[in-house]
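Pasting in a structure now, in structure tokens, and then I'll have a few things to ask.
The values are calculated or read from the model by the stated rules, or taken from the named source; none is laboratory data. What you see is a predicted model; the values in this text were computed from it and never measured. When we count neighbours, we look across all protein chains shown, and the Cβ atoms used for this are built from the backbone with ideal geometry, even at glycine. Keep in mind that these areas ignore ligands, DNA and RNA; they rest on the heavy atoms of the full protein, side chains included. Shrake-Rupley method; radii C 1.70, N 1.55, O 1.52, S 1.80 Å.
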Amino acid sequence: MLSFRFCSLETPIASIEALACWELAAFFIGSASIEDVPLDRDIASDWYIENLVLPEERADYRAEQQLAEDEMLDYFSSELASMARQRIDILGENYPFSLDGSGSLVRVKQSQVSFISVSYIILQFYRALRANLIEIDGANNEDIRNKKQKFNRIFYNLLEYIAGLTVSGKQSGVPFMLSDCRSAERLHRILSIICKKIGSGRVRRFDDWGRQHRETNDGKVDCLVYVGDPQNSGSAHIELVSATAQESNIDIKIMGRDKLEFFSGFFAEKPAAFRGALVRPQDADELTLEKCKNENCLLFTYGDIISGLSKHGVGRRVLQLSAKARGIIEGFNGIILSHEYVEYACIKPVT
């Protein structure tokens, strides 16, 4: 079982990771005030004085540490609440919290917790863990490392489905998961289904696939998203989606010209134009954006994932994708939060 606790923040900056800690506390406990956010108040108060107090007033604030701490907490609470309200506006009913009159973040009833809600919480857990704001409990370093790897496996598998929901939501498309393909024969069937749905294109006979194509399970693509009108295939295109959380060697995950050309080899006649897309749970950065631009590959980063999840859409394919994602997040249900000498278990999604 994976048990975790929070590490202390040192600045009252309302970052994504600070919000994640507040949300995780509220999700596991049921509600959380600013008091439940792990913050080193002495260091944070010093930061507040040095960065947000007028130079001529700093000596007075240092002499009145309680005044500095109170103002710092008011500032921190206000900034975090503003971020939470933005999440409510974006995610709507899939945001698993509300803000009460005292400024506490309150988890919705379990009957209202959707798998999108839990997927969002797992994403926030990943962000906090990556920022070293979460400490995993364990008997020794190896045990801790194994538990982190277990969580990462859950998250990386879920990320592929989050990517499908993100791109289909942002592009108003229909997702077809390929990452769970376990054979080239199954891939052949899925590609044939896509051609039938679109009403154009033709997959090569399996025996006519080259050796490299017969030896790949998923076509080196995590998800296909069909964008367009089935009644007007000439205006349609297909996003070839790759999902990754890795920090380096991003080039190998970009769906560039070589990968699009390789994927075209599965078809005797392409059903629609292909375009690449890369989904990452990190914030946008100029270098990755430039690399994707050079390869004509769309880039979806953390902010796009949040807005994409809010528009994940409906339909049989989305429901199938959602059902598989639910199976992955079952692994998150055993996680325990240790907070203020009390243990809190994760609740399960209902809808």
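Where residues in the stretch 79-89 are of a type outside the set (A, V, I, L, M, F, W, C) and without any contact (Cβ under 8 Å) to a residue 24 or more places away in the chain, which of them is nearest to SER310 (Cα to Cα)?
Once the filter is applied, the top-ranked residue is ASP89.
With the requirement that a residue be of a type in the set (A, V, I, L, M) and within 24 Å of CYS297 (Cβ to Cβ), what does the stretch 186-230 give you?
LEU187, ILE190, LEU191, ILE194, ILE198, VAL203, VAL221, LEU224, VAL225, VAL227, listed by residue number.
May I ask you to list the residues in the stretch 258-290 that are in contact with a strand residue (DSSP E or B) (Cβ under 8 Å, 6 or more places away or on another chain), outside any loop (DSSP other than H, G, I, E, B) and either among the polar types (S, T, N, Q) or over 26 Å from LYS197 (Cβ atoms) (or both)?
Hits for the stretch 258-290 are SER264, THR288, LEU289.
Being at pLDDT 90 or above and buried (at least 18 other Cβ atoms within 10 Å of the Cβ) is the filter here, so list the residues in the stretch 196-215 that pass it.
GLY201, VAL203, TRP209, HIS213 - these are the residues of the stretch 196-215 that are at pLDDT 90 or above and buried (at least 18 other Cβ atoms within 10 Å of the Cβ).
Among the listed residues ALA272, ALA236, ALA325, identify the single one that is in contact with a helix residue (DSSP H, G or I) (Cβ under 8 Å, 6 or more places away or on another chain), surrounded by 18 or more Cβ atoms within 10 Å (Cβ to Cβ), small (Gly, Ala, Ser) and within 18 Å of PHE115 (Cβ to Cβ).
Only one candidate qualifies: ALA325.
OK, next. Restricting attention to the stretch 180-195, does a residue exist that is open to solvent by 70 Å² or more (accessible area, probe 1.4 Å), touching a helix residue (DSSP H, G or I) at 6+ places or on another chain (Cβ under 9 Å) and free of Cβ contacts under 8 Å to residues at least 24 places away in the same chain?
Yes: one or more hits.
Still on this structure: Which of the following residues is more than 19 Å from GLY92 (Cβ to Cβ), charged (D, E, K, R), surrounded by 17 or more Cβ atoms within 10 Å (Cβ to Cβ) and more than 18 Å from the chain's Cα centre (by Cα): ARG280, ARG317?
ARG317
So that you can scan it fast, the table gives a plain yes or no per residue for (1) open to solvent by less than 50 Å² (accessible area, probe 1.4 Å); (2) under 30 Å from LEU123 (Cα atoms):
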position: SER33; (1), (2): yes, yes
position: VAL37; (1), (2): yes, yes
position: VAL53; (1), (2): yes, no
position: TYR61; (1), (2): yes, no
position: GLN66; (1), (2): no, no
position: GLU69; (1), (2): yes, no
